[in-house]
1. Six or more apart or on different chains, Cβ atoms under 6 Å: show the pairs whose first residue is in the range 60-85 and free of Cβ contacts under 8 Å to residues at least 24 places away in the same chain and whose second is aliphatic (A, V, I, L, M).
2. Please specify each residue of the range 70-90 satisfying the condition of being β-branched (Val, Ile, Thr) and surrounded by 11 or more Cβ atoms within 10 Å (Cβ to Cβ).
3. Name every residue in the range 60-69 that is surrounded by 12 or more Cβ atoms within 10 Å (Cβ to Cβ) and hydrophobic (A, V, I, L, M, F, W, C), in order of residue number.
4. With the requirement that a residue be among the polar types (S, T, N, Q) and either surrounded by 15 or more Cβ atoms within 10 Å (Cβ to Cβ) or without any contact (Cβ under 8 Å) to a residue 60 or more places away in the chain (or both), what does the range 24-59 give you?
Amino acid sequence: MIASGFRVDSLVVKVSQRRKFGTIITILMALSVAIAVIGIIVRGLVRATAKGSDQRIAMSNKAITCAMIGLVIVLLGVTLGGQVPTWFGNAGGNCKVGA
């Protein structure tokens, strides 16, 4: 179908692809956050049951630190992913992460 000089069906395909991409990004974000939170909880339990073992405490501290860094990276990525298009005058169209 052609309307006003452009193809409407190609526009529908582009919008559909953006929605699919947004859904995939949302799923990956949720999965990343869930993995980080589970990692923090499990390593917290390892630390709580370390019974004074310096090796287990050091291992759990390192794992908790890595999980926290990963969580911060994911959250920063989500935040910046939504803000970058506005910095450039929304040049890329109406892109929204997770929309």
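Here, each number is a calculation from the coordinates, and none is a lab measurement. All values derive from a computational prediction rather than experimental measurement. Neighbour counts are summed over all protein chains in view; Cβ atoms, including those assigned to glycine, are modelled from backbone coordinates with ideal geometry.
1. Correct list of pairs: Ser60/Val46; Gly82/Val97.
2. First, pick out the residues of the range 70-90 that are β-branched (Val, Ile, Thr): 72-74, 78-79, 84, 86.
Answer for the range 70-90, where residues must be β-branched (Val, Ile, Thr) and surrounded by 11 or more Cβ atoms within 10 Å (Cβ to Cβ): Val72, Ile73, Val74, Val78, Thr79, Val84.
3. Ala63, Ile64, Cys66, Ala67, Met68
4. Quick first cut of the range 24-59, residues among the polar types (S, T, N, Q) only: 26, 32, 49, 53, 55.
Those that are among the polar types (S, T, N, Q) and either surrounded by 15 or more Cβ atoms within 10 Å (Cβ to Cβ) or without any contact (Cβ under 8 Å) to a residue 60 or more places away in the chain (or both): Ser32, Thr49, Ser53, Gln55.
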